[in-house]
Amino acid sequence: MVRQRSAKPLSAVRSRPAPPNSRPMKSKEKRRHPLQWILEPMEDEASFFQKHMFGCQAAYLYGRLVLVLAAKEEPWNGLLVCTSREFHSTLIDEHPGLQPHPLLSKWLYLAQACDGFEETAQQLVVQALKKDARIGVDPGATKRKRAKKS
């Protein structure tokens, strides 16, 4: 036996008033990242864009991944500088607050708790805007290990 649906038009179903005690649904507003101010000087550059990356905010400039904003618990609370290991020593000498990230050691990390965080972060942004070759990695340039066939 086949059941038949009621003959109510869809407009009648959709136009029901909301219950008096109901709250409107929350819209998905884009929340501003707490460290977004760091990237503001980059926003006028045509090649600049951002996207989410492992719960952080990644910044791309001139086609390269340059910086990652992190505002979670340590060691994910500060600025990650995307670079190659070969540039670590020169960047650390220039900016003593930088250190290899404890979990992502190929990149350098500037903890938000570090003395001079704001000034160092601004200097790194200026260097990235000046196309400092030490800052930035080509996206998708990671080497993945292949699983051994048995």
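The values are calculated or read from the model by the stated rules, or taken from the named source; none is laboratory data. Please read these numbers as outputs of a predicted model, since none were measured by experiment. So basically every Cβ, Gly included, is an ideal-geometry build from the backbone, and we count neighbours across all protein chains shown.
If you scan the range 67-84, which residues turn out to be over 16 Å from residue 37 (Cβ atoms) and either in contact (Cβ under 8 Å) with a residue 12 or more places away in the chain or within 11 Å of the chain's Cα centre (by Cα) (or both)?
Result: 72, 74, 75, 76, 80, 81, 82, 83, 84.
Take the range 119-150 and flag every residue that is surrounded by 12 or more Cβ atoms within 10 Å (Cβ to Cβ) and modelled with pLDDT under 95.
Selection gives 139 alone.
Consider residue 90 carefully, then state whether it is surrounded by fewer than 18 Cβ atoms within 10 Å (Cβ to Cβ), farther than 20 Å from residue 113 by Cα and hydroxyl-bearing (Ser, Thr, Tyr).
Judged against the criteria, residue 90 is a match.
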